[in-house]
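Values in this text are rule-based calculations from the coordinates and carry no lab data. Since the structure is predicted, the reported quantities are computational estimates derived from the model, not experimental observations. Cβ placement follows ideal geometry from the backbone for every residue including glycine, while neighbour counts extend to all protein chains displayed.
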Amino acid sequence: MDAKTGLFYLFAAVLLFAAFRVITARNPVYAALYLVLAFFQASAIWLLLRAEFLAISLVLVYVGAVMVLFLFVVMMLDINVEGLREGFWKHFPLAAGVGALIALEMAAVLMGGFRLSAPKTPLASGPDTSNTLELGKLLYTQYLYPLEIAAVILLVAIIAAIALTLRTRKDSKYVNPADQVRVKARDRVRIVQMPVTRQAEPAAEPAAPAAETKA
């Protein structure tokens, strides 16, 4: 067994352990951290397969953005874990049925084998070949329509998320930006005519104290 095979088994073992801990950890923060570890191990396996672009994308997109967002949300919401555990056995039969169905579908795909057809355009190979360049050519030529469909689906998801969270509150005060743009100088400043200021009149001298009467 060479070093590359040994690293593959090491990364795969850590990946399986992290994936198992994601679904068994009691604390949601620990589960998210184990998921970050699983992403790192998957990116290391991509590096062993000489798919540097996919490995870097996995780290930047999922670990650098998605999982950081998950951690912030989990820590800010302060989820009541004990409340979530209530009714576990009530929903266990449905969850087990869905899991068994997914396992059967995956088994049917894996038992059938990976029947890969030759690409329409042969990929270049060689020591000076960039797999990122070849992947870009493949995405924007043979898989252009699926890529555009995925982009449209993501755009719809973004708009739906904004629409669900954008709610007008009656107790919040805000200014319409359109009104601020259309404002004019006369709406901001108003000149009022005031009478000329007169000189202040001198104050009256206080009255002298009365003379004391002699006995």
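Note on L37, L7: ascending count of other Cβ atoms within 10 Å places them as L7, L37, the fewest first.
Contact order, relative form, for region 1-77: 29 percent (alpha carbon pairs under 8 Å, 6 or more residues apart, mean separation divided by residue count).
How big is the charge dipole of region 1-82 about its Cα centre, in debye rounded to the nearest 20, if each Lys and Arg gets +1 on its Cβ and each Asp and Glu gets -1 on its Cβ?
160 debye
Footprinting exposure proxy ranking of K173, K90, fewest other C-beta atoms within 10 angstrom first, gives K173, K90.
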